[in-house]
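Some notes on the structure that comes next.
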Amino acid sequence: MDNDSFRQQAHELVDWIADYYQNIESYPVKSQCEPGEILASLPTKPPESAESFDDIMQDFNQIIMQGMTHWQSPNFFAYFPANASQPSFLAEMLMSAIGAQCMSWQTSPAATELEECVMGWLRQMLDLPDTFEGVIQDTASTATLCALLTARERVSDYQINKHGFKGSEKFTLYCSIEAHSSIEKAVRIAGFGGESLRKIPVDSQGALRFDVLQSQVVEDKQRGFKPLCVIAALGTTGTTAMDPLQDIGHFCREEGLWFHVDAAYAGSAMILPECRHLSQGVELADSFVFNPHKWLFTHFDCSAYFVKDTDALKRTFSILPEYLKTKEGDQVNNYRDWGVALGRRFRALKLWFVLRSFGLEGLRAKLRKHIALAQQVQSWITEYPDFDVMAPTPLNLVCFRYHPAGAEDLNQLNMVLMERINATGKAYFTHTKVGNDVAIRWVIGQTEVEEEHITSAWELLKNTANLLD
Ligand SMILES: *Cc1c(COP(=O)(O)O)cnc(C)c1O
């Protein structure tokens with residue numbers, strides 16, 4: 001492709017993109033494809049000769065778009081969002097255009113230094129103590145893995161990196177039964193073994209039972225284990241429940257345990273002063289992660305990891321072969337030493353574009369709107385006799401179920417209701433379990449969501465539910 005045709009096609013693509021955003025509500029939110037449908041439409045052999053851009057685009061429109069779920073639709077209420085925005089998108093375009101791989105300072109000094117800058121901004125925005133230093137990771141899963149590996153190395157005086165677990169103490173780690181699956185995954189990958197993760201029960205609000213945590217740690221010590229780390233959730237994935245950070249934080253200090261806070265979704269709310277009471281105790285953490293790629297209008301992937309002991313972090317991850325040595329040495333941050341991957345995308349750029357384009361005021365206004373809309377939804381559901389609210393709504397996730405008089409298998413009924421809604425393509429919900437009960441999750445965190453969207457979705461829910469009886 002020569003530069004002239006590139007210019008023309010890129011212009012056409014920008015029009016395609018603007019049209020897409022304009023018409024996004026006309027697509028079914030959740031792809032209505034059956035398994036195997038897309039693959040069956042694709043050639044089984046790679047093309048021998050070059051194909052034209054027009055041909056590729058035609059297949060993109062006809063085949064690929066069928067199989068896309070529209071995460072940026074304002075009618076997407078599933079999972080947690082991966083909300084994006086135009087400024088973030090434009091920054092991604094520039095990043096793609098330059099195509100830099102930013103593993104060390106020298107490979108693009110601006111990428112490293114802008115990352116230092118925006119992570120400092122985020123730290124202030126969330127009112128985190130300045131003893132934290134930040135680094136961007138791809139996902140919260142990776143950030144949590146980094147936390148566990150650093151905790152492991154620091155406590156073993158960096159010997160497990162060297163010799164493996166042979167002869168080392170038998171470590172135990174702690175989280176609640178509602179903690180995200182990425183925690184168990186990190187425990188497995190870090191070599192502790194899934195059994196060493198103690199899953200502590202939760203109270204009626206979905207928060208980790210601190211009394212049970214304390215007695216479990218005492219019991220483990222008596223049985224010869226070495227408690228290492230507690231992972232607390234600031235906003236669980238199922239229901240945005242808040243673990244008691246302050247109690248856990250003080251306890252971790254007394255016991256010499258690493259304290260990691262997983263705020264992957266709800267962390268964004270800490271830019272609102274009125275939400276800071278939810279994060280009290282976070283200053284006691286050794287490490288903290290939240291995802292601007294979930295609820296801060298920055299494209300996936302962008303996960304903000306904050307850690308106090310950056311020396312321990314770097315000692316855990318740094319390996320310096322000859323071909324990576326640069327003359328700046330320790331004078332600069334080489335973020336390849338701050339995590340798992342060597343190669344790094346320039347993710348700070350999209351955060352910078354977002355923070356500057358919205359300003360703190362703009363970001364706060366969006367988040368406040370989402371929270372207010374969710375509170376509105378919660379009151380509709382509370383007042384409507386055939387629906388129950390299933391968990392507290394501290395932010396913008398409402399967990400609910402349909403509960404008509406006389407219905408028997410409510411779990412089955414709610415799964416059917418949800419699938420019917422999703423099959424309309426007009427809205428997309430996912431579910432969780434609260435105790436043994438299926439609850440439909442309604443997350444209101446889309447960049448362009450307005451009152452009209454939640455009003456239509458609520459009508460759709462009521463009408464679809466009535467037709468089930
Ligand atoms: C979404 C989520 C994660 C995982 O986030 P990734 O960035 O996809 O790894 C971890 N913890 C919680 C509480 C989450 O909600």
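Quick notes on this structure:
- Ranked by solvent-accessible area (1.4 Å probe, protein heavy atoms only, all chains present), the residues 33, 275 order from largest to smallest as 33, 275.
- Protection proxy ranking, highest mean first, for peptides 71-81, 213-223, 316-326, 198-208: 71-81, 198-208, 213-223, 316-326, where packing is the per-residue count of other beta-carbon atoms within 10 Å, averaged.
- Toward the positive end of the charge dipole of the chain, with +1 on the Cβ of Lys and Arg and -1 on the Cβ of Asp and Glu, the farthest Cα among 371, 233, 445 is that of 233.
- The packing ranking, built from the mean of other Cβ atoms within 10 Å per residue, places the peptides 255-261, 440-446 in the order 440-446, 255-261, highest first.
- Relative contact order (percent, whole number), the range 164-258, Cα cutoff 8 Å, 6+ residue spacing: 32
- Options 392, 297, 403, ranked by Cα towards positive dipole end of the chain, top entry (Cβ charges): 392
- With the whole protein complex present, residue 55 retains an accessible surface near 80 Å², based on a 1.4 Å probe.
- Highest average first, the peptides 447-456, 130-139 ordered by how many other beta carbon atoms sit within 10 Å of their residues are 130-139, 447-456.
- Translational diffusion of the range 138-269, µm² s⁻¹ [Kirkwood Rh, Cα pairs; Stokes-Einstein; 25 °C; 0.890 mPa s]: 165
- Solvent exposure of the chain as accessible area per residue, Å², 1.4 Å probe: 47
- Positive-end residue, the chain charge dipole about Cα centroid, Cβ charges, pick of 142, 56, 423: 142
- Principal semi-axes of the equivalent ellipsoid, √(5λ) from the alpha carbon gyration tensor of the chain, are 36, 33, 21 Å from largest down.
- DSSP-defined beta bridges in the range 144-245 - what % are antiparallel, rounded to 5: 20
- Computed log₁₀ I(q)/I(0) - Debye formula, equal Cα scatterers, no solvent, the range 220-299, q 0.19, 0.21 Å⁻¹: -0.79, -0.92
- About its Cα centre, the dipole of the chain is roughly 1340 debye, where the only charges are +1 on Lys and Arg Cβ and -1 on Asp and Glu Cβ.
- Residue 185 sits with roughly 130 Å² accessible to a 1.4 Å probe, with DNA, RNA and ligands left out of the calculation.
- Per-selection Kirkwood Rh - the range 1-133 (Cα, Å, 1 d.p.): 18.9
- Fraction of the pair-distance distribution of the range 339-427 above 19 Å, Cα-Cα pairs, percent: 63
- Alpha-carbon Rg/Rh ratio, for the range 81-181, with Rh computed the Kirkwood way: 1.05
- From the alpha carbon centroid of the range 110-163 to that of the range 368-397 is 35 Å.
- With all pairs of different C-alpha atoms in the average, the Kirkwood value for the hydrodynamic radius of the range 215-261 is 11.5 Å.
- Bridge type composition, the chain - antiparallel percent by DSSP, nearest 5: 60
- Protein accessible area in the chain, 1.4 Å probe - carbon and sulfur %: 51
The values are calculated or read from the model by the stated rules, or taken from the named source; none is laboratory data. All values derive from a computational prediction rather than experimental measurement. Every residue, glycine among them, receives a Cβ derived from its backbone with ideal geometry; neighbour counts consider all protein chains shown. All accessible areas refer to the heavy atoms of the entire protein, side chains included, with ligands and DNA or RNA removed. Shrake-Rupley method; radii C 1.70, N 1.55, O 1.52, S 1.80 Å.
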